[in-house]
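Chemist: Before we start, here is the structure in question, set down as structure tokens.
The values are calculated or read from the model by the stated rules, or taken from the named source; none is laboratory data. The shown structure was predicted, so the numbers you read here are calculated from the model rather than taken from an experiment. With ideal geometry, Cβ positions are generated from the backbone for all residues, glycine too; neighbour counts draw on all protein chains shown.
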Amino acid sequence: MQNNTFSTLFVGQNLIKLKEVDSTNNFLKNLASNSEPLPEGTVIMADNQFAGRGQQNSVWQTEPGKNISTSIYLKPSFLALNKQFYLNIIVSLAVSDALKEFVSSEVNVKWPNDIYINGKKLGGILIENTLTGSVLKSSVVGIGLNINQQSFSSGLLTKATSLYQILHKDVDLESVLDKIFVYMEKYYLNLKTGKYSILLSAYLQKLLYYKQKSFYQQGDQIFEGIIEGVEESGHLIMSIDKEMKMFNFKEIEFIHTK
Ligand code: BTN
């Protein structure tokens, strides 16, 4: 464990900083299974993550030393299984509120939990839950944010952004983490005390293209739709030609129009 300066009650108070690791999520999951009980709020941070994982089995690549690659250990045993998506909601809210303290632009969440600024992806979230029977035993919340990276490979050029690209200056990584952890505690407490509708409506307010026409792709079909809401299960509700349709994760892709 390392010393930390986070102004939190439990998130980040047990801090493990690594120079290099395959994936902070993998490291934390192994740690939790080999050294129970791990304190809730344990955080893994890595300077270099050489096999970072993204959603839907994608690869998460990041320039060493420049960005945030972190995982937080939570024990949300109070949360019913059919409300698991609220973890995505609270982490999205915490990360976007934290970033908002550094930028004047709007910070949006692209469903289900990509972090967008100025129409480009600044970061992503990968949450991996462990169940015992029908109870959520633990949750590994992985957060990857582009902070001081100045440029991106040609494939990501039009899609990715970083705080550096927005502010034209470096930002101290731990000061961003501190804000994230403080907001995490706030929203986690809201969740624990059952403030579901407040959390869901705050999430919808940040949702990219909420109540706006935009283009989407399913298979080889491209269509225009309007996001009308998100179910507690996490399904996306969209109106297409005035007809309501529901989509599960992976079923549709957003078309980048910018
Ligand atoms: C995505 O947008 O696809 C989610 C990316 C999540 C990346 C983070 S970086 C820290 C943590 N460890 C991982 O291997 N992945 C997450």
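Chemist: Is it the case, given these coordinates, that residue 89 is buried (at least 19 other Cβ atoms within 10 Å of the Cβ) and either within 25 Å of residue 149 (Cα to Cα) or in contact with a helix residue (DSSP H, G or I) (Cβ under 8 Å, 6 or more places away or on another chain) (or both)? Don't jump to the end; show me each part of the working.
Modeler: Values: buried (at least 19 other Cβ atoms within 10 Å of the Cβ): yes; either within 25 Å of residue 149 (Cα to Cα) or in contact with a helix residue (DSSP H, G or I) (Cβ under 8 Å, 6 or more places away or on another chain) (or both): yes.
Yes.
Chemist: Within the range 167-183, can one find any residue that is touching a residue at least 60 places away in the same chain (Cβ under 8 Å) and farther than 28 Å from residue 9 by Cα?
Modeler: So far as the range 167-183 goes, yes, one or more of its residues are touching a residue at least 60 places away in the same chain (Cβ under 8 Å) and farther than 28 Å from residue 9 by Cα.
Chemist: Looking at (1) buried (at least 18 other Cβ atoms within 10 Å of the Cβ); (2) under 22 Å from the mean Cα position of the chain (by Cα), which is the one condition that is false for residue 167?
Modeler: Of the numbered conditions (1) buried (at least 18 other Cβ atoms within 10 Å of the Cβ); (2) under 22 Å from the mean Cα position of the chain (by Cα), the odd one out for residue 167 is (1).
Chemist: Filter the range 25-53 for residues that are within 17 Å of residue 127 (Cβ to Cβ) and within 8 Å of the ligand (Cβ to nearest atom) and give the result.
Modeler: 25, 26, 49, 52, 53
Chemist: Considering only residues that are in a loop (DSSP other than H, G, I, E, B) and surrounded by fewer than 19 Cβ atoms within 10 Å (Cβ to Cβ), look in the range 11-21 and name the one that is farthest from the ligand (Cβ to nearest atom).
Modeler: First, the residues of the range 11-21 that are in a loop (DSSP other than H, G, I, E, B): 11-14.
Restricting the remaining residues to those that are surrounded by fewer than 19 Cβ atoms within 10 Å (Cβ to Cβ) gives 13-14.
Values: 13: 19, 14: 17 Å.
The residue in question is 13.
Conditions (1) surrounded by fewer than 22 Cβ atoms within 10 Å (Cβ to Cβ); (2) within 9 Å of the chain's Cα centre (by Cα); (3) at pLDDT 95 or above, marked per residue:
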{"position": "97", "(1), (2), (3)": "yes, no, yes"}
{"position": "113", "(1), (2), (3)": "no, yes, no"}
{"position": "133", "(1), (2), (3)": "yes, no, no"}
{"position": "143", "(1), (2), (3)": "no, yes, yes"}
{"position": "148", "(1), (2), (3)": "yes, no, yes"}
{"position": "162", "(1), (2), (3)": "no, no, yes"}
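Chemist: Could you list, in sequence order, all residues of the range 90-137 that are hydroxyl-bearing (Ser, Thr, Tyr) and more than 15 Å from the ligand (Cβ to nearest atom)? Walk me through it before giving the result.
Modeler: First, pick out the residues of the range 90-137 that are hydroxyl-bearing (Ser, Thr, Tyr): 92, 96, 104-105, 116, 130, 132, 134.
Correct list: 104, 105, 130, 132, 134.
Chemist: Let me ask something else. If we keep just the residues of the range 115-131 that are small (Gly, Ala, Ser) and surrounded by 19 or more Cβ atoms within 10 Å (Cβ to Cβ), which is farthest from the chain's Cα centre (by Cα)? I'd like the intermediate steps shown before the answer.
Modeler: Step one: list which residues in the range 115-131 are small (Gly, Ala, Ser), which gives 119, 123-124.
Within this subset, residues satisfying the condition of being surrounded by 19 or more Cβ atoms within 10 Å (Cβ to Cβ) are 123-124.
On the way: 123: 7, 124: 5 Å.
Ranking the candidates gives 123 first.
Chemist: Give 57, 82 a once-over and let me know the one that is over 19 Å from residue 179 (Cα atoms), out of contact with any Pro (no Cβ under 9 Å at 6 or more places or on another chain) and within 11 Å of the ligand (Cβ to nearest atom). I'd like the intermediate steps shown before the answer.
Modeler: Working: 82 fails: within 11 Å of the ligand (Cβ to nearest atom).
When all the criteria are applied, what remains is 57.
Chemist: Test residue 233 against the stated conditions and say whether it is at pLDDT 95 or above and either surrounded by fewer than 17 Cβ atoms within 10 Å (Cβ to Cβ) or in a strand (DSSP E or B) (or both).
Modeler: Numbers: at pLDDT 95 or above: no; either surrounded by fewer than 17 Cβ atoms within 10 Å (Cβ to Cβ) or in a strand (DSSP E or B) (or both): yes.
In short, no.
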